[in-house]
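Structure first, then comments.
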Amino acid sequence: MKKLLFVIGPIALLILWWILTKFGFANSFLLPSPEDTFSRLFGLFSSGEVFNDIRLTFYRWSIGYLLGCVVGIPLGILMGYSEKVYKSCEFLIEFFRSLPVTAMFPLFLLMFGIGDSSKIAMTFTATVFIIIINSAYGVTQTKKSRIKAAKTFGATNFQIFTNVVFYESLPHTLIGMRTTLSLSLIVVIVSEMFIGTQFGLGQRIYDAYTRNSVDELYAVIVLLGIIGYFSNKLFMYMETKIAFWTGK
Amino acid sequence: MDRKVVHIKVDKISKSFKNDEGRIEVLKHVSLEIYKGEFLTFFGPNGCGKSTLVNILAGIEEAGDGEITFPETNGKPKIGFVFQNYRDSLMPWLNVEKNICFPLKLKGITKSEQKERLKTLISEFEINIDLKSKVYNLSGGQAQMVSILRGLIVNPEILIMDEPFSALDYQTNLMLYEELLKIWRKLKITVILISHEIDEAIYLGDRVAFLSKKPASIFKVLNSDLPRPRKLEDMGSQEFAELKKKALEIFRNTAT
């Protein structure tokens with residue numbers, strides 16, 4: 001029974017939404033009914049028109065995100081491994097991490113043009129600094145006693161790195177990857193809305209807005225919510241499988 | 001047992017560390033001869049530098065002054081090490097088997113040989129721990145046993161144990177004393193154990209080396225000549241009480 005408690009919130013929200021629209025508490029132009037929204041969402045899938053948007057948004061999202069991880073994780077681990085490197089780079093990383101990447105979108109336009117590369121670059125930028133920070137932090141949290149144990153058994157520095165430090169930092173690295181997974185989705189959507197494209201979920205939201213098609217606007221927002229939710233859940237599940245010892 | 005063969009010669013070891021207030025002397029002229037095959041316990045107040053001393057013995061830390069030699073062996077003998085905090089020294093991402101074989105893996109020994117050695121070790125001591133289980137699911141006693149086996153897998157000539165029982169409850173300790181003495185009898189290796197429990201130090205050791213307060217040096221060595229093999233009941237015997245009385249006297253002098 002407790003396992004089903006999580007559906008109570010969503011159901012309550014749907015009922016509230018339905019009451020608000022059904023009895024005219026909300027302006028139907030600002031808030032379409034749940035039936036209209038979900039039937040539009042269904043229509044987007046049955047007509048197949050949304051598939052290209054999903055495909056291209058996923059493409060930009062995954063390339064930008066994965067590049068961010070591939071570049072960020074080794075850099076972060078290296079940074080965390082040497083206290084000197086960590087201290088000297090800390091300000092820069094924190095500075096760029098705190099800078100809203102969306103504020104820089106004109107710069108990305110100038111540098112990468114209006115095609116996919118600017119959107120991927122924005123996603124990459126939003127990802128990479130947070131990944132670096134989390135991986136570096138994970139390395140600094142390595143238990144001295146485990147490194148000492150490995151040293152006692154005659155481990156070389158490289159062996160300490162691959163057999164101890166890498167595993168110790170993994171849980172933190174994964175937390176960084178999960179945080180940026182949602183964040184990078186936001187950035188992809190915003191970049192599609194700002195920079196413009198032919199296909200993409202961000203573009204579809206913007207188009208729906210300009211066409212005054214509010215039920216489609218809501219339908220795509222719901223769809224994004226579902227994508228965000230399940231990607232996060234999936235990642236959390238993977239986390240418990242990969243870094244199974246965390247918190248034990 | 002021939003007690004006269006010197007296995008480790010500790011000659012005027014000194015060590016100091018730098019901290020905010022300048023240099024702190026931790027060890028000062030520690031000298032001791034450790035015999036082959038003996039069970040030696042170090043006893044001393046907390047923070048007196050016992051761990052630093054065994055780190056130097058194990059070769060993890062350099063001595064500031066003085067030297068350690070092994071007159072019997074050519075070069076440095078193989079040393080096994082058991083840490084105080086098993087939770088923080090075992091690798092939680094490895095299962096029991098891989099934790100025990102970890103030192104072998106670092107030496108580049110093949111997987112099949114690792115398994116072979118583990119099998120020999122396990123069968124020798126009737127170990128009752130599931131090799132595939134995760135180390136964080138083990139009880140404290142089992143986890144420390146895994147730690148001990150990890151120290152033994154390299155076939156060491158010397159086993160160094162840094163307060164291996166201090167994080168465990170009394171009941172578990174009594175059980176592990178038995179196991180440890182069994183292992184020691186069978187392997188006939190030199191065991192050096194640090195302790196801050198006087199009963200433990202007397203019960204396990206052939207000799208108890210008392211360390212003074214910081215900067216530590218060997219204050220006195222007490223022969224714990226209770227007959228072997230020892231049983232837990234011996235801790236209630238008259239001889240044991242006598243030894244403990246002597247130890248307390250020595251310790252009272254150390255503390256002042």
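Tabulated data
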| item | result |
| --- | --- |
| A:G200 long-range amide H proximity, modeled H, under 5 Å | A:D53 |
| 5 angstrom amide H check on B:H7, placed H, neighbours 5+ away | B:I34, B:Y35, B:K36 |
| Out-of-range pairs (alpha-carbon distance over 23 Å; input B:K4/B:K188; B:K98/B:K231; B:K28/B:K245; B:K12/B:K107) | B:K98/B:K231; B:K28/B:K245; B:K12/B:K107 |
| Local net charge near B:A247, Cβ-Cβ under 12 Å (Lys/Arg +1, Asp/Glu -1) | +1 |
| Three-way shape label, the range B:6-79, alpha-carbon gyration tensor, a/c 1.5 | prolate |
| Charge tally in the Cβ shell below 11 Å around B:V82, where Lys, Arg are +1 and Asp, Glu are -1, B:V82 excluded | -1 |
| Around B:N137: net Lys/Arg minus Asp/Glu count, Cβ-Cβ under 10 Å | +1 |
| Three-way shape call for the range A:89-248 based on the alpha-carbon gyration tensor, with the a/c threshold at 1.5 | prolate |
| Cα gyration tensor shape for the range B:62-176, rounded if a/c is under 1.5, else prolate or oblate | oblate |
| J(HN,Hα) series, the range B:13-26, from Karplus relation 6.51 cos²θ - 1.76 cosθ + 1.60, nearest Hz, glycine and proline x | 6, 10, 7, 9, 10, 8, 9, 4, 8, x, 9, 10, 7, 9 |
| Given charges at beta-carbon only (K, R positive; D, E negative), |dipole| of the range A:172-241 in Debye | 240 |
| Set of aspartates and glutamates with alpha-carbon distance to A:K151 below 15 Å, sequence-local pairs under 8 removed | B:E61, B:E62, B:D88 |
| Isotropic mean projected area of the C-alpha convex hull, the protein assembly as shown (nm²) | 33.6 |
| Given charges at beta-carbon only (K, R positive; D, E negative), |dipole| of the range B:94-141 in Debye | 280 |
| Interchain or long-range residues, amide H under 5 Å from B:D65's placed H | B:S14 |
| Residue-averaged 222 nm ellipticity for chain A, from DSSP H runs of 4+ at -39500 (n - 2.57), nearest 500 | -26000 deg cm²/dmol |
| When each of B:K76/B:K244; A:K241/B:K119; A:K143/B:K115; A:K148/B:K111; A:K87/A:K233 is checked by Cα-Cα distance, pairs over 32 Å | B:K76/B:K244; A:K87/A:K233 |
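Every read-out reported here was derived from the displayed coordinates using simple, explicitly stated rules and does not represent laboratory data. The structure presented is a predicted model; accordingly, all values stated were derived computationally and were not measured. Counting neighbours? That spans all protein chains shown, and the Cβs are built from the backbone with ideal geometry, glycine included.
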